[in-house]
């Protein structure tokens, strides 16, 4: 199970962002630019290093060691899985999923659960590394080589994620993207763009529109 790998390597996951501050800040800027507000839930909060860039109050994750980090960043930790959220319906203003989708057994079930716990007109923000991006292709290569994290992942294209959201009664409102450089290039600080072309960290903000 992927969550066991994350549980074993929680510190390694968190340290990567601390050791790569420019990449972290690019992704953090993209999340902040979504302007998420109100009562927020992070699905697959991990260590909270990125998701805490939004006003997330509660974070769920199956990895207890990941949640220990998230708790120190002011996120209320709840051990749970994305496909069965332990919350009543229509209580959150927004839900954030950062690099979560590739590691889920059932992405559609998770998106439907996000829909269920959102208020009418609430937002779901999904941040991904597109499979056909520079970083996505590198992660797929590492996955084939047995990387402890990426070998458990199934990466998606932006079009696939948009289709998934729309099929689950969400309407895509905006896209913010960053990382126009590849892993082999020197990192640089970038402002988020509304054009995802050639960018490797893409956040899709969608609104709950009707009965799922």
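Only a single criterion out of (1) on the phi > 0 side of the Ramachandran plot; (2) touching a residue at least 12 places away in the same chain (Cβ under 8 Å) is not satisfied by residue 105, namely (1).
Of the residues that make up the stretch 32-45, is at least one more than 20 Å from residue 173 (Cβ to Cβ), part of a loop (DSSP other than H, G, I, E, B), over 17 Å from the mean Cα position of the chain (by Cα) and in contact (Cβ under 8 Å) with a residue 40 or more places away in the chain?
no
Looking only at the stretch 177-187, decide whether some residue is buried (at least 20 other Cβ atoms within 10 Å of the Cβ), touching a residue at least 24 places away in the same chain (Cβ under 8 Å) and on the phi < 0 side of the Ramachandran plot. So far as the stretch 177-187 goes, yes, one or more of its residues are buried (at least 20 other Cβ atoms within 10 Å of the Cβ), touching a residue at least 24 places away in the same chain (Cβ under 8 Å) and on the phi < 0 side of the Ramachandran plot. Is it the case that residue 108 is surrounded by 15 or more Cβ atoms within 10 Å (Cβ to Cβ) and either out of contact with any helix residue (DSSP H, G or I) (no Cβ under 9 Å at 6 or more places or on another chain) or part of a helix (DSSP H, G or I) (or both)? Spelling it out, it is not the case that residue 108 is surrounded by 15 or more Cβ atoms within 10 Å (Cβ to Cβ) and either out of contact with any helix residue (DSSP H, G or I) (no Cβ under 9 Å at 6 or more places or on another chain) or part of a helix (DSSP H, G or I) (or both).
Here 134, 146, 121 are screened, and the one residue that is closer than 26 Å to residue 12 by Cα and surrounded by fewer than 18 Cβ atoms within 10 Å (Cβ to Cβ) is 146. Quick check: anything in the stretch 53-65 out of contact with any strand residue (DSSP E or B) (no Cβ under 7 Å at 6 or more places or on another chain) and at pLDDT below 95? The answer is yes, given that some residue of the stretch 53-65 is out of contact with any strand residue (DSSP E or B) (no Cβ under 7 Å at 6 or more places or on another chain) and at pLDDT below 95. A count restricted to the stretch 152-176 and to residues that are in a helix (DSSP H, G or I) and surrounded by 14 or more Cβ atoms within 10 Å (Cβ to Cβ) stands at 7.
Applying the condition of being under 14 Å from residue 199 (Cβ atoms) and in contact (Cβ under 8 Å) with a residue 40 or more places away in the chain to the stretch 109-137 and asking which residue is farthest from the chain's Cα centre (by Cα) yields 134.
Looking only at residues in the stretch 56-75 that are within 16 Å of the chain's Cα centre (by Cα) and over 17 Å from residue 117 (Cα atoms), which one is surrounded by the most Cβ atoms within 10 Å (Cβ to Cβ)? Don't jump to the end; show me each part of the working.
Here is the first cut: in the stretch 56-75, the ones within 16 Å of the chain's Cα centre (by Cα) are 56-63, 66-67, 70, 75.
Retained after the next criterion (residues that are over 17 Å from residue 117 (Cα atoms)): 62-63, 66-67, 70, 75.
Details: 62: 18, 63: 25, 66: 26, 67: 25, 70: 28, 75: 24.
Once the filter is applied, the top-ranked residue is 70.
Evaluating residue 78 against the criteria (1) surrounded by 15 or more Cβ atoms within 10 Å (Cβ to Cβ); (2) within 27 Å of residue 140 (Cβ to Cβ) leaves one unmet condition, (2).
The values are calculated or read from the model by the stated rules, or taken from the named source; none is laboratory data. Here the structure is a predicted model, which means the values were calculated and not measured. Positions of Cβ are generated from backbone atoms using ideal geometry, with glycine treated the same way; all protein chains shown enter the neighbour counts.
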